[in-house]
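Shown next, in structure tokens, is the structure this report addresses.
The values are calculated or read from the model by the stated rules, or taken from the named source; none is laboratory data. Being a predicted model, the structure only gives us computed values, none of them experimental. Positions of Cβ are backbone-derived with ideal geometry, glycine not excepted, and every protein chain shown enters the neighbour counts.
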Amino acid sequence: MLLFAFFIFYSYLVSKELFTQHDFDTTVRFQDKIPRRFDYSFSVFSIIGSLEITGVIWLIIFFYLLIKKYWLTALSLFLLPLALLMELFGKVFLYHPGPPFFMYRGVIKFDFPSHFIQTDYSYPSGHVTRTAFLIVFLMTYIYLKSSLKKGLFSIILLSCFLLTMLISRIYLGEHWTTDVIGGFLVGSSFGILSAVTLPPKSGGKLQDQIKLHSARY
């Protein structure tokens, strides 16, 4: 909840336009330092982070949790649509224009239906909100359900994927840094809140031991 509280506070600061110059300078710095040969690679992340692709991943996780009979956790996944409603609210009511078109560096001309849903403003980033929710949820799942030795590589890989998504939004001129930070805060906070409903790894074994101990006496 601390992350979500900080998201509310940070959104207030963004509404006061305190980071306008920092946003512009950061985008210019990213585009100056990162070679143009990464345009295509980063543009792929625009497709991966789309509502349609992340929605499919969300559904896969949802049905997996149903198969595992993690009923509460499956229900808690609906925190993502709630986070997206907050994203939509920000993009409609919080005055924060996105980067100008001359900064845009996307090179893949492939548009999902969600691309045609346009809002007035850009805070927070929907790509980052969705990706942060899913990645943080999966990282927490791996941490709770496997040993650190087995899950460490997957956690590092997921962290790198999320970091690349954050950088791609700024570099491509899709969003300002503030949009990315806001999306990360709301997405990760809801992702953590959803993941804490997961039953602990040793829960089943502990219950079996208690039942066995009770049966003996």
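I'm trying to understand the selection: among the residues of the stretch 162-171, which are crowded, with 17+ Cβ neighbours inside 10 Å and either among the hydrophobic types (A, V, I, L, M, F, W, C) or under 18 Å from Ile142 (Cα atoms) (or both)?
Result: Leu162, Met165, Leu166, Ile170.
So, in the stretch 89-125, how many residues would count as being touching a His at 6+ places or on another chain (Cβ under 9 Å) and within 22 Å of Phe42 (Cβ to Cβ)?
Total meeting the criteria: 6.
Can you spot a residue in the stretch 115-124 that is modelled with pLDDT under 95, farther than 15 Å from Gly98 by Cβ and surrounded by fewer than 21 Cβ atoms within 10 Å (Cβ to Cβ)?
yes
Please go through the stretch 54-108 and pick out each residue that is β-branched (Val, Ile, Thr), within 24 Å of Thr178 (Cα to Cα) and modelled with pLDDT of 95 or more.
Thr54
For Val136, state whether it is on the phi < 0 side of the Ramachandran plot and either of a type outside the set (A, V, I, L, M, F, W, C) or touching a Gly at 6+ places or on another chain (Cβ under 8 Å) (or both).
yes
Only helices (runs of 4 or more DSSP H) wholly contained in the stretch 131-216 count here; list those with 3 or more residues that are modelled with pLDDT of 90 or more and out of contact with any helix residue (DSSP H, G or I) (no Cβ under 9 Å at 6 or more places or on another chain).
On the way: elements: 148-171, 177-195, 203-216.
Once the helices (runs of 4 or more DSSP H) in the stretch 131-216 are filtered for at least 3 residues that are modelled with pLDDT of 90 or more and out of contact with any helix residue (DSSP H, G or I) (no Cβ under 9 Å at 6 or more places or on another chain), what remains is 148-171.
I'd like the residue in the stretch 164-205 that is over 23 Å from Leu77 (Cβ atoms) and among the basic types (Lys, Arg) and, out of all such residues, is nearest to the chain's Cα centre (by Cα).
Result: Arg169.
Identify, by number, the condition in (1) of a type outside the set (A, V, I, L, M, F, W, C); (2) surrounded by 12 or more Cβ atoms within 10 Å (Cβ to Cβ); (3) within 30 Å of Ile142 (Cβ to Cβ) that Asp23 doesn't meet.
(3)
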